[in-house]
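Before we start, here is the structure in question, set down as structure tokens.
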Amino acid sequence: MKLLQLLNYELSWHDREKWDRAVHLMERFFEESRAELAPVGEKARIVKFGIDAVDAFIQVNTAVVCPRCESVCCINKHGYYDFEDLIYIFSLGAKPPRYKEGVLDTDSCQFISRQGCTIERAVRPFRCNWHFCNALLNNIEEGPARPYREFVKRFEEVMDLRSEMLGDFFKSLRSAG
Ligand code: SF4
Ligand code: SF4
């Protein structure tokens, strides 16, 4: 199966054959198309910079809300990369982690620790960074207005740039045949 056919929301680590094939083909594509993919890598680095820039703001808010949460959202099924995360990770020159066998989707996430997530924010599954439960959202909205506005602006920039990055990647993939 070709890489283009594998990169969609059905791609899951649970279907190991397809997942390993996709990872293998991604490695090959990035090796063989280094020059063509350079602008994609550049956009991925700016996305990472944007997420790094909002880390402290999110952290300040989760530090207030999450320790008293009775229904922690970090279950294992959220901890896996999807195909868009894979594109981003490879564009940064990184690789997906080796996931643990035998952890149920409904178990606590394999990356959670007492101090919170063990994965650097900018390379977590994208869904993890933009999940705001009501309690977290309320805390953010009740805080000072200026940092909140800056956060929203940065958030929108990251979303736009990530879409562009993914679009550029698929353009290169299609033109590679
Ligand atoms: S983000 Fe919300 S649901 Fe998730 S752990 Fe924090 S308070 Fe709980
Ligand atoms: S934020 Fe980290 S610990 Fe929570 S679900 Fe995502 S990867 Fe797992």
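In this structure, is Tyr148 part of a loop (DSSP other than H, G, I, E, B), among the hydroxyl-bearing types (Ser, Thr, Tyr) and more than 16 Å from Val72 (Cα to Cα)?
No, not satisfied.
Would you confirm whether any residue within segment 160-174 is loosely packed, with under 15 Cβ neighbours inside 10 Å, touching a strand residue (DSSP E or B) at 6+ places or on another chain (Cβ under 7 Å), of a type in the set (Ser, Thr, Tyr) and within 27 Å of Leu6 (Cβ to Cβ)?
No, that holds for no residue.
Residues checked against (1) away from ligand 1 (no atom under 16 Å from the Cβ); (2) of a type in the set (Gly, Ala, Ser); (3) touching a helix residue (DSSP H, G or I) at 6+ places or on another chain (Cβ under 8 Å):
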{"residue": "Gly116", "(1), (2), (3)": "no, yes, yes"}
{"residue": "Ala122", "(1), (2), (3)": "yes, yes, yes"}
{"residue": "Ile140", "(1), (2), (3)": "no, no, yes"}
{"residue": "Pro147", "(1), (2), (3)": "yes, no, yes"}
{"residue": "Phe151", "(1), (2), (3)": "no, no, yes"}
{"residue": "Glu156", "(1), (2), (3)": "yes, no, no"}
{"residue": "Asp160", "(1), (2), (3)": "yes, no, no"}
{"residue": "Ser163", "(1), (2), (3)": "yes, yes, no"}
{"residue": "Phe169", "(1), (2), (3)": "yes, no, yes"}
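Check segment 55-68 and report whether any residue there is within 13 Å of the chain's Cα centre (by Cα), among the acidic types (Asp, Glu), within 26 Å of Gln110 (Cβ to Cβ) and within 16 Å of ligand 2 (Cβ to nearest atom).
no
If a residue has to be among the aromatic types (Phe, Trp, Tyr) and at pLDDT 95 or above to count, how many in segment 123-147 make the cut?
Residues meeting the conditions: 1.
Considering only segment 124-158, how many residues are in contact (Cβ under 8 Å) with a residue 24 or more places away in the chain and under 14 Å from the mean Cα position of the chain (by Cα)?
Residues that pass the stated criteria total 9.
Filter segment 14-45 down to the residues that are farther than 24 Å from Ser175 by Cα and either outside any loop (DSSP other than H, G, I, E, B) or under 16 Å from the mean Cα position of the chain (by Cα) (or both) and list them by number.
Arg16, Glu17
The values are calculated or read from the model by the stated rules, or taken from the named source; none is laboratory data. Keep in mind that what you see is a predicted model, and the values were worked out from it rather than measured. Please note: Cβ atoms are built from the backbone with ideal geometry, for glycine as well, and neighbour counts cover all protein chains shown.
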